[in-house]
Amino acid sequence: MTFKSKLPINCPSCESELKVTQLSCEHCQTTVNGLFTLPLLLRLSKEEQEFILAFFLSSGSLKQMALQMNISYPTVRNKLDDIIAHIQQLQKTE
């Protein structure tokens, strides 16, 4: 079984947002250093990212998502609204 490391988005010590400071190419060993902000979608929680992927794969059908997730349509709608609010909050801080 292969385990992939999850990209941390918050500091394990103080919970502040982490920034990317180095990118590396495995092929030619080139490294790029700087201070880069994570893309907006990567700053969402794993659960939020999985919800967005499911939303996309269901062609935006909340009804279909509710059936697949075995939860009510209003619960799915509320989850979507929460993610939208979180994304809007992240956009304000950019």
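A short reminder: the numbers here are calculations on the coordinates, not readings from a lab. Just so you know, these numbers come straight off a predicted model, no measurement behind them. As a convention, Cβ positions derive from the backbone with ideal geometry for all residues, glycine included, and neighbour counts pool all protein chains shown.
Got at least one residue in segment 48-62 being in contact with a Lys or Arg (Cβ under 6 Å, 6 or more places away or on another chain), within 20 Å of L7 (Cβ to Cβ) and free of Cβ contacts under 8 Å to residues at least 24 places away in the same chain? No; the residues of segment 48-62 include none that is in contact with a Lys or Arg (Cβ under 6 Å, 6 or more places away or on another chain), within 20 Å of L7 (Cβ to Cβ) and free of Cβ contacts under 8 Å to residues at least 24 places away in the same chain. Of the residues making up segment 68-90, at least one is without any contact (Cβ under 8 Å) to a residue 40 or more places away in the chain, in contact with a helix residue (DSSP H, G or I) (Cβ under 7 Å, 6 or more places away or on another chain) and of a type in the set (D, E, K, R). Residue count for segment 1-50 under the criterion of being outside any loop (DSSP other than H, G, I, E, B) and under 22 Å from K92 (Cα atoms): the result is 13. For segment 63-94, the candidate set comprises residues that are polar (S, T, N, Q), closer than 25 Å to L40 by Cα and in a helix (DSSP H, G or I); within that set, the residue that is farthest from the chain's Cα centre (by Cα) is T75.
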